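Contents: one structure, followed by commentary.
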Amino acid sequence: MPSDGRNVILTGFMGTGKSTVGILLAKRLGYCFRDLDALIVERAGISINEIFERYGEPRFRELETEAIRSLRGVSRHVVATGGGAVIAPLNRSLLREAGLVVNLTASLEVILDRLKGDRQRPLLRSNNTPEALGALMAGRENAYADADLRIDTAGKSVEDVVTEIATFVREHQ
Ligand code: S3P
């Protein structure tokens, strides 16, 4: 049985709204908010783009696993993960241990629209066509499906998504 104050872990592809939803959800539940990408940047002292450029994606993935490990002993937090945090099976099991896993989804069209003009995400540079981004998303589908709850965010307000998750969390505490 999950204990009271179990963390809520938000997963999902870039542009599905994990941080926006996470901040509001934390307020709604009276939890703290933690953004794992922000934690990685804080620890590394350089941006995600710079980590990818200087050290490559594999090093970023190691830092990501370290950030996930830092959730051990943490409770009453809403955690936004990076879009690729669920790729490694080890990360998925660490995230499941850390709390309820909620996966946010949106169609490729919606994601392309939301990410238009973004310069902060290195994988948008290396996957700079709708086809490439769609293939990246499709390749991760099984990893995203490994969740306690999945919510399609397209056409819903942030408030609606937050309410849906908060209701689920209360039912599963
Ligand atoms: C990544 C998503 C990013 C960030 C990094 C890699 C990915 O996070 O972790 O650029 O592999 O999809 P967001 O999902 O918050 O954009």
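The values are calculated or read from the model by the stated rules, or taken from the named source; none is laboratory data. Here the structure is a predicted model, which is why all the values come from computation and not from measurement. We place every Cβ from the backbone using ideal geometry, glycine too, and count neighbours over all the protein chains shown.
Here Leu63 fits the description: touching a Lys or Arg at 6+ places or on another chain (Cβ under 8 Å), in a helix (DSSP H, G or I) and either of a type outside the set (Lys, Arg) or away from the ligand (no atom under 13 Å from the Cβ) (or both). Residues that are touching a Gly at 6+ places or on another chain (Cβ under 7 Å) and within 11 Å of the ligand (Cβ to nearest atom) were ranked within the stretch 77-93; the one that is nearest to Asp35 (Cα to Cα) is Ala80. Residues that are closer than 16 Å to Ile111 by Cα, aliphatic (A, V, I, L, M) and assigned to a loop (DSSP other than H, G, I, E, B) within the stretch 146-173 comprise just one, Ala154. Looking at the stretch 31-60, which of its residues are touching a strand residue (DSSP E or B) at 6+ places or on another chain (Cβ under 9 Å) and outside any helix (DSSP H, G or I)? Passing the criteria: Tyr31, Cys32, Phe33, Arg34, Asp35. Restricting attention to the stretch 96-114 and to residues that are out of contact with any helix residue (DSSP H, G or I) (no Cβ under 8 Å at 6 or more places or on another chain) and not in a helix (DSSP H, G or I), the residue that is nearest to Val8 (Cα to Cα) turns out to be Gly99. Kindly indicate whether Ala26 is of a type outside the set (Ser, Thr, Tyr), surrounded by 16 or more Cβ atoms within 10 Å (Cβ to Cβ) and either within 13 Å of the ligand (Cβ to nearest atom) or at pLDDT below 95 (or both). So Ala26 fails the test.
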